[in-house]
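Student: Here you go, one structure.
The values are calculated or read from the model by the stated rules, or taken from the named source; none is laboratory data. Note that the structure is a prediction, hence the values are computed from the model and not measured. Note that each Cβ is placed from the backbone with ideal geometry, even for glycine, and that neighbours are counted across all protein chains shown.
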Amino acid sequence: MLTDIEKKLIKKEETFCSNTYHPLPVVLKKGKGVFVWDVNNKKYFDYLSAYSAVNQGHCNKQILKTFIKQAKKLTLTSRAFYNNELGASLEYITNIFGYEKMLPMNSGAEAVETAIKICRKWGYEIKKIKNNHAKIIVCDGNFHGRTTTVVSFSSHHGSKENFGPLTTGFETIQYNDALSLEKKFKKDKNIVGFLVEPIQGEGGVVVPDEGFLSKCKDLCKKYNVLFIADEIQTGVCRTGKLLACHHENVKADITILGKALAGGFYPVSGVLTSKKIMNVMKVGQHGSTFGGNPLACAVAKEAIKFSIENKLSEKAEKLGVIFREYLNNLKNDLNIIKSVRGKGLLNAIVLNCPVNSQIPWEICLKMRDNGLLAKPTQGNKIRFAPPLIISKKQLILSLKIIEKSLRNF
């Protein structure tokens, strides 16, 4: 049951905010590490991590220290001037991820839009295809954001309704189907890019077969097409590697980062690529007032530094195995669990119920009552993605909460 203060705050939010979200009924006021607290001071494990934006944990002390220090000096200059943080930050980030250039933006969707523009321009100026004929291949089940261009090729039909005319220049193949990709490449010489999530997070944590990404990368190289990896949710150690593509030793031509790039302190995203590809962008052809600001740069550098120094990839890999083993053992005992899937600490359970069932929502309400916050995705799936700083002891404790909740169903 919601308390009066929760009802009041929820009512206020619903009154003055658009109804574009359907939040779990809990009102949070504080976060620290792997935990959040509601307005009644009830403590919860956070198993969403702001869609993997707080991989480093809520209010991370190391990042907070950098944030405060920089915020006292200089926060925003716009790119009309140079600032003393941008160059050093991008040098560090590009070196860590193995690229030559990075175009800094703010949100993940902005970074996807940026990558699309770079890819199309590369197609006209480097690949030399006919002007205004560029095509980018995407995958069914994708989620890359909610801008007009992105919803134009989104698999979620509700996001397209009454937002037309939609942007053209995109074709869709089945996820995890390299054969279909090659058929597209053979048929159409105007294809300039293949945009893919190494694991489809919003799609329900769909993990492709081993070898899918490497086959697609080889095909892109063969047909002179840019392989674009959307690592916004899977990047920065979430799946047990610095980038999810690293599981197959794939280096994308363009990598898109966001979310955990700033540890939840600030909206920071970016597009990483080579000099040759990035150099198609000229003065005035793209930009952002806030992109690359001193505060964002200092925070992003510190967030990545913390992730590397604290070996969050290795931790996610090790704890992810424990997590899936526990739930797979539980699956043998509970009919409600149909399957368990994921990599590292990006996991999901597929429930034995119809896609339009209320059971996933009810399970999440029960987990909330028991002290753990998660959300359904794609109808009959529940995603589990705790901050990567979670300890083994905390992981086991949270698994017991999940088990206790599922046993009610």
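Student: Quick test for you: out of Lys160, Lys135, Lys128, pick the one residue that is in contact (Cβ under 8 Å) with a residue 40 or more places away in the chain and more than 20 Å from the chain's Cα centre (by Cα).
Tutor: Sole residue among the options that is in contact (Cβ under 8 Å) with a residue 40 or more places away in the chain and more than 20 Å from the chain's Cα centre (by Cα): Lys135.
Student: Taking Lys217, is it among the charged types (D, E, K, R), surrounded by fewer than 24 Cβ atoms within 10 Å (Cβ to Cβ) and over 13 Å from Gly344 (Cα atoms)?
Tutor: Yes, satisfied.
Student: Related question: Restricting to segment 71-110, and then to whatever is surrounded by 21 or more Cβ atoms within 10 Å (Cβ to Cβ) and out of contact with any Ser or Thr (no Cβ under 8 Å at 6 or more places or on another chain), can you tell me which residue is nearest to Gly287 (Cα to Cα)?
Tutor: Taking the candidates together, the pick is Leu90.
Student: Give me a count of the residues in segment 31-69 that are over 30 Å from Lys8 (Cβ atoms) and crowded, with 21+ Cβ neighbours inside 10 Å.
Tutor: 7
So that you can scan it fast, the table gives a plain yes or no per residue for (1) outside the structural domain of Ile382 (by TED's automatic domain parsing); (2) within 25 Å of Glu202 (Cα to Cα); (3) modelled with pLDDT under 95:
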residue: Gly31; (1), (2), (3): no, yes, no
residue: Phe35; (1), (2), (3): no, yes, no
residue: Val39; (1), (2), (3): no, no, no
residue: Lys42; (1), (2), (3): no, no, no
residue: Phe45; (1), (2), (3): no, yes, no
residue: Leu48; (1), (2), (3): no, yes, no
residue: Tyr51; (1), (2), (3): no, yes, no
residue: Lys65; (1), (2), (3): yes, no, no
residue: Ala71; (1), (2), (3): yes, no, no
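Student: Test each condition in (1) in a strand (DSSP E or B); (2) closer than 20 Å to Asn224 by Cα; (3) out of contact with any Lys or Arg (no Cβ under 9 Å at 6 or more places or on another chain) for Ile136 and report the one that comes out false.
Tutor: (3)
Student: Could you tell me which residue of segment 351-379 is surrounded by the fewest Cβ atoms within 10 Å (Cβ to Cβ), considering only residues that are in contact with a Cys (Cβ under 7 Å, 6 or more places away or on another chain) and in contact (Cβ under 8 Å) with a residue 40 or more places away in the chain?
Tutor: Across segment 351-379, the extreme among qualifying residues is Ile359.
Student: Name, by its number, the condition in (1) closer than 25 Å to Lys215 by Cα; (2) outside any helix (DSSP H, G or I); (3) within 21 Å of the chain's Cα centre (by Cα); (4) not charged (D, E, K, R) that does not hold for Gly145.
Tutor: For Gly145, the failing item is (1).
Student: Could you check segment 130-154 and list, in sequence order, the residues that are crowded, with 18+ Cβ neighbours inside 10 Å and more than 18 Å from Ala115 (Cα to Cα)?
Tutor: Scanning segment 130-154 gives a single hit, Gly141.
Student: Helices (runs of 4 or more DSSP H) wholly in segment 204-320 with at least 1 residues that are hydroxyl-bearing (Ser, Thr, Tyr) and either closer than 21 Å to Ser49 by Cα or assigned by TED's automatic domain parsing to the domain that holds Arg341 (or both) - which ones?
Tutor: By residue number, 294-309.
Student: All but one of (1) touching a Ser or Thr at 6+ places or on another chain (Cβ under 8 Å); (2) not assigned by TED's automatic domain parsing to the domain that holds Ile199; (3) not hydroxyl-bearing (Ser, Thr, Tyr) hold for Asp333; which doesn't?
Tutor: For Asp333, the failing item is (1).
Student: Suppose we keep only residues that are of a type outside the set (A, V, I, L, M, F, W, C) and over 25 Å from the mean Cα position of the chain (by Cα) within segment 339-361. Which one would you say is nearest to Lys42 (Cα to Cα)?
Tutor: Per the criteria, the residue is Gln358.
Student: Something else now. Which count do you get for residues in segment 179-205 that are among the small types (Gly, Ala, Ser) and under 27 Å from Asn380 (Cα atoms)?
Tutor: Here the count works out to 3.
Student: Output the residues belonging to segment 362-388 that are of a type in the set (A, V, I, L, M, F, W, C) and under 25 Å from Asn40 (Cα atoms).
Tutor: Ile363, Cys364, Leu365, Met367, Leu372, Leu373, Ala374, Phe384, Ala385, listed by residue number.
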